[in-house]
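J.: Okay, here's the structure, questions in a sec.
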Amino acid sequence: MPGAPTGLVATAGNTSVNLAFVAPSTGAISSYTASCAPTGAGAVLSATGSASPLTMSGLTNGTLYTCTVSASSTGGTSTASTSATVIPSAVAGALTLNLTSLSNYAAPTLPAYYDATVTALDNTPPANVVNNKTATLGRVLFYDKNLSFNNTVSCASCHQAAAGFSDPARFSTGFSGSAFTTAHSMRLGNIRYYRPGSMFWDKRTASVELQASQPIQNAIEMGFDATHGSIAALLPKLQVIGYYQELFTFAFGDANVTEARIQNALAQFERSMVSVNSAWDTGFASVFNPALTDQGRSLPVPGLTAQEDRGRALFMGGPGVGVGCAACHVPPTFSLAANSLSNGLDAGETRIFKSPSLKSVGVSGAFMHDGRFSTLDQVVDFYNNGVQAGPALDPRLTAPSGAPRVLNLSVADKAALVAFLRALTDTTLATDTKFLTPFKP
Ligand code: HEC
Ligand code: HEC
C-alpha cells in the first residue's frame, strides 16, 4: 500500500478545479485518482493522472465541491488524508480576483489635509457611490480588450498605470492599429475632485458615468461606432462571457449587462483612483495646519530638495511671492479649479479646456490637450513668456495692462518649477495591484 497524498489545495477555475498535492514519501505510485462531489445533489466527477496537479473539468460553476485525491500502487490504494472544498467559476478561471476578500475601493485612507474643503469637490453622484463589488467589476471592464470591436485595446491601453493612467505617446493608437486619437490621453488620478464633473479636455461630457461609454463608441478608440453596431452590439458580446455573468450578478444582483451598469462600474473604478501619495504629499502632511489660513501651504515642505521646495514656493505663491499656478491647479488634489478659463496656448482662443490633475504629470510624455509639448521645461517656458492673448484668456494669466502675463523667471527658477512638478509623482497609485490588470497572464 502507498502512503496517502497530503496538503491538498483545490484552486477554482472556469468549470474546473486544479488539485495540487504533495506525493507520499513511501510506496511506488502508479497513478492518482481524484474525485469531486457537489454539495447536495449532482454527479460525482473523477479524474486520474500520474502526478500533482490534477485538473478536474466539467464541474458546474457556482457549486460547492468537496474533492479528495488517492494514490494507487500495485499493492493497493490509499485515500488522501485531506480533502478540500472549492467553488469553480469563470471569474476564478480568467481573473486573479478573490471575491470573498475584495480590495478596498469604497473607503480609501485619506490624509488629514483631504478635509471638508476637498471632499466638497467630490463629483460622486449620490446614485453611484463607490462600493467594492461594483468597482471590482469596473476594474475588469477597464482592462478587458473585449470592450473594443476587434479585441485589441482596453481602456488601459491608453490609460497606463505607469504613465499616471495616461498614454506615454502624444496620440494613442486606436483599435484599428493604424488610426490615432487627435487629443492626448488624460491622466485619471483625482478625476473625482474636478468639481464640475465634466470630462474630456473640452468638457463635452457631463459626468464620469456618461464619459465611460464614449471611448467604446468612438470610431478611432474602441470601434463600436454606428457602422459597427454601436454599444448595442457590445452588450450581447459581454452578456455571454461567463465572468461577466458572475460579476454583474455579484455587483448588481442579476447578470443583465446594460450600458448604464457598465458606465457606473467604470466610473466607480476611476473615481477610486485617488492620488494622495508623492514626495510633496509626504512632506506636506507634516506641515499641514488647519488653523492657518493657507493651511501651511506657504511653509517649506520637509523632504523636498532645496530646488523642489523653491519650485513649490513659486507654484503655491500668489503675486509678489510666486507665480500663482496653485490658483488653478489647486492643492492638495492638483485638479483644476472649476472657474479656470483658457491658459492661452493659442492666440485668439475662444475655447476653454480643462486639465487633468497635475499629480504624476512628471511621468507623462506629452502635455496639453493636443500634447504639443514633450517636456515640462517647454510647459514652464510657455507659462514664462508664451501665454497668448485671446477672448477666453483667464485673468490670472493676464498682466495689469491686460496683455498676457510674462514672468521673466530665471533659468534656476524655471528648473525649480519643473523639479516641483516631478515631486508630484505618485508611485503608490501606479503600483497598487487593485488598480492593475485582474486578468491572468
Ligand atoms: C485609443 C485610446 C483610448 C482608449 C482605448 C480609451 N481612452 Fe480615455 N481618453 C483617451 C483620450 C485621447 C482622451 C482625451 C480625449 C478628448 O478630450 O478629446 C481620453 C479621455 C478620457 C477621460 C477624461 C478624463 C478627464 O479628466 O476629463 C476619461 C475619464 C477616460 N478617457 C476614460 C476611459 C475609459 C473608461 C476607457 C475605456 C472604456 C477609455 N478611456 C478608453 C484615449 C483613450
Ligand atoms: C488660469 C488657470 C491656470 C493657471 C494659472 C495655470 N494653469 Fe496650467 N493649465 C491650465 C489649463 C486650462 C490647462 C489645460 C490647457 C489645455 O491643454 O488646453 C493647463 C495645463 C497645464 C499642464 C499640462 C497638463 C497635462 O496633463 O498635459 C501643466 C504641466 C501645467 N498646466 C502647469 C502649470 C504651471 C506650472 C503653472 C504656473 C506657472 C500653471 N499651470 C498655471 C490652467 C492654468
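The values are calculated or read from the model by the stated rules, or taken from the named source; none is laboratory data. This is a predicted model, so every value here is computed, not measured. Heads up, the Cβs are rebuilt from the backbone with ideal geometry, glycines too, and the neighbour counts pull from every protein chain shown.
J.: Within the stretch 375-395, take every residue that is outside any helix (DSSP H, G or I) and under 27 Å from Asp281 (Cβ atoms) and give me the one that is nearest to the chain's Cα centre (by Cα).
T.: Among residues in the stretch 375-395 that are outside any helix (DSSP H, G or I) and under 27 Å from Asp281 (Cβ atoms), the one nearest to the chain's Cα centre (by Cα) is Thr375.
Yes/no per residue for (1) farther than 21 Å from Tyr193 by Cβ; (2) in a helix (DSSP H, G or I):
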residue: Ser275; (1), (2): no, no
residue: Trp280; (1), (2): no, yes
residue: Phe284; (1), (2): no, yes
residue: Leu292; (1), (2): yes, no
residue: Gln295; (1), (2): no, no
residue: Glu308; (1), (2): yes, yes
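J.: For the stretch 1-50, give me the residue count where each residue is touching a residue at least 24 places away in the same chain (Cβ under 8 Å), over 15 Å from Ser72 (Cβ atoms) and not hydrophobic (A, V, I, L, M, F, W, C).
T.: The total comes to 10.
J.: Output the residues belonging to the stretch 145-155 that are near ligand 1 (Cβ under 10 Å from one of its atoms), within 13 Å of Pro215 (Cα to Cα) and not in a helix (DSSP H, G or I).
T.: Ser148, Val153, Ser154
J.: Find all pairs meeting these conditions: Cβ atoms under 7 angstrom apart; at least six residues apart or on different chains; first residue within the stretch 427-441 and on the phi < 0 side of the Ramachandran plot and charged (D, E, K, R); second residue in a helix (DSSP H, G or I) and surrounded by 17 or more Cβ atoms within 10 Å (Cβ to Cβ).
T.: Lys440/Ala94
J.: Further question on the same structure: What do you reckon, is Val301 within 30 Å of Tyr105 (Cβ to Cβ), assigned by TED's automatic domain parsing to the domain that holds Asp394 and of a type outside the set (Lys, Arg)?
T.: Here the answer is yes, as Val301 does meet what is asked.
J.: Of everything in the stretch 363-374 that's at negative phi, near ligand 2 (Cβ under 9 Å from one of its atoms) and in contact (Cβ under 8 Å) with a residue 60 or more places away in the chain, which residue is farthest from the chain's Cα centre (by Cα)? Step through it out loud before you land on a result.
T.: At the first step, the residues of the stretch 363-374 found to be at negative phi are 363-367, 369-370, 372-374.
Filter again for near ligand 2 (Cβ under 9 Å from one of its atoms), leaving 364, 366-367, 369-370, 372-373.
If we keep only those that are in contact (Cβ under 8 Å) with a residue 60 or more places away in the chain too, we end up with 364, 366-367, 369-370.
Numbers: Ser364: 16, Ala366: 20, Phe367: 20, His369: 20, Asp370: 22 Å.
So the residue we want is Asp370.
J.: Looking only at the stretch 396-429, count how many residues are in contact with a Ser or Thr (Cβ under 6 Å, 6 or more places away or on another chain) and in a helix (DSSP H, G or I).
T.: Looking only at that region, the number is 1.
J.: Can you spot a residue in the stretch 356-366 that is part of a helix (DSSP H, G or I) and within 16 Å of ligand 1 (Cβ to nearest atom)?
T.: yes
J.: Could you say which residue among Leu247, Leu234 is part of a helix (DSSP H, G or I) and within 12 Å of ligand 1 (Cβ to nearest atom)?
T.: Going through Leu247, Leu234 in turn, just one is part of a helix (DSSP H, G or I) and within 12 Å of ligand 1 (Cβ to nearest atom): Leu234.
J.: When you look at Val91, is it more than 30 Å from Thr293 (Cβ to Cβ) and at pLDDT 95 or above, yes or no?
T.: When the stated conditions are applied, Val91 passes them.
J.: Scan the stretch 190-213 residue by residue and report those that are part of a helix (DSSP H, G or I) and more than 8 Å from ligand 1 (Cβ to nearest atom). Outline the logic, then answer.
T.: Within the stretch 190-213, the subset part of a helix (DSSP H, G or I) is 191-193, 208-212.
Within the stretch 190-213, Arg192, Tyr193, Glu209, Leu210 qualify.
J.: Against the definition (surrounded by 17 or more Cβ atoms within 10 Å (Cβ to Cβ), within 16 Å of ligand 1 (Cβ to nearest atom), touching a residue at least 40 places away in the same chain (Cβ under 8 Å) and outside the structural domain of Phe180 (by TED's automatic domain parsing)), how does Leu336 come out, yes or no?
T.: Judged against the criteria, Leu336 is a match.
J.: Suppose we keep only residues that are within 9 Å of Ala251 (Cα to Cα) and surrounded by 24 or more Cβ atoms within 10 Å (Cβ to Cβ) within the stretch 130-147. Which one would you say is farthest from the chain's Cα centre (by Cα)?
T.: Going through the qualifying residues, I end up with Thr134.
J.: Given the criteria under 18 Å from Ser35 (Cα atoms) and hydroxyl-bearing (Ser, Thr, Tyr), does Thr66 qualify?
T.: Working: under 18 Å from Ser35 (Cα atoms): yes; hydroxyl-bearing (Ser, Thr, Tyr): yes.
For Thr66, the condition - under 18 Å from Ser35 (Cα atoms) and hydroxyl-bearing (Ser, Thr, Tyr) - is met.
J.: What's the total number of residues in the stretch 162-189 that are within 16 Å of ligand 2 (Cβ to nearest atom) and either hydrophobic (A, V, I, L, M, F, W, C) or part of a loop (DSSP other than H, G, I, E, B) (or both)? Spell out the reasoning first.
T.: From the stretch 162-189, those within 16 Å of ligand 2 (Cβ to nearest atom) are 162-172, 181-189; that's our starting set.
Subset that is either hydrophobic (A, V, I, L, M, F, W, C) or part of a loop (DSSP other than H, G, I, E, B) (or both): 162-165, 167-172, 181-189.
Final tally of qualifying residues: 19.
J.: Could you list, in sequence order, all residues of the stretch 250-284 that are more than 16 Å from ligand 1 (Cβ to nearest atom) and closer than 30 Å to Arg312 by Cβ?
T.: Once the filter is applied, which keeps residues that are more than 16 Å from ligand 1 (Cβ to nearest atom) and closer than 30 Å to Arg312 by Cβ, the stretch 250-284 yields Val276, Asn277, Ser278, Ala279, Trp280, Asp281, Thr282, Gly283, Phe284.
Each row is one residue, and each column tells you yes or no for (1) farther than 18 Å from Leu424 by Cβ; (2) among the small types (Gly, Ala, Ser).
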{"site": "Ser275", "(1), (2)": "no, yes"}
{"site": "Val287", "(1), (2)": "no, no"}
{"site": "Gln295", "(1), (2)": "no, no"}
{"site": "Pro319", "(1), (2)": "yes, no"}
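J.: Is it the case that Ala347 is at pLDDT 95 or above and either touching a Cys at 6+ places or on another chain (Cβ under 8 Å) or of a type in the set (Asp, Glu) (or both)?
T.: On the way: at pLDDT 95 or above: yes; either touching a Cys at 6+ places or on another chain (Cβ under 8 Å) or of a type in the set (Asp, Glu) (or both): no.
Criteria not met by Ala347.
J.: Grab the strands (runs of 3 or more DSSP E) fully contained in the stretch 43-124, keeping just those with 2 or more residues being out of contact with any helix residue (DSSP H, G or I) (no Cβ under 7 Å at 6 or more places or on another chain), of a type outside the set (A, V, I, L, M, F, W, C) and over 24 Å from Ser25 (Cα atoms).
T.: By residue number, 65-73.
J.: Of all residues in the stretch 214-225, which are β-branched (Val, Ile, Thr) and within 6 Å of ligand 1 (Cβ to nearest atom)?
T.: Once the filter is applied, which keeps residues that are β-branched (Val, Ile, Thr) and within 6 Å of ligand 1 (Cβ to nearest atom), the stretch 214-225 yields only Ile216.
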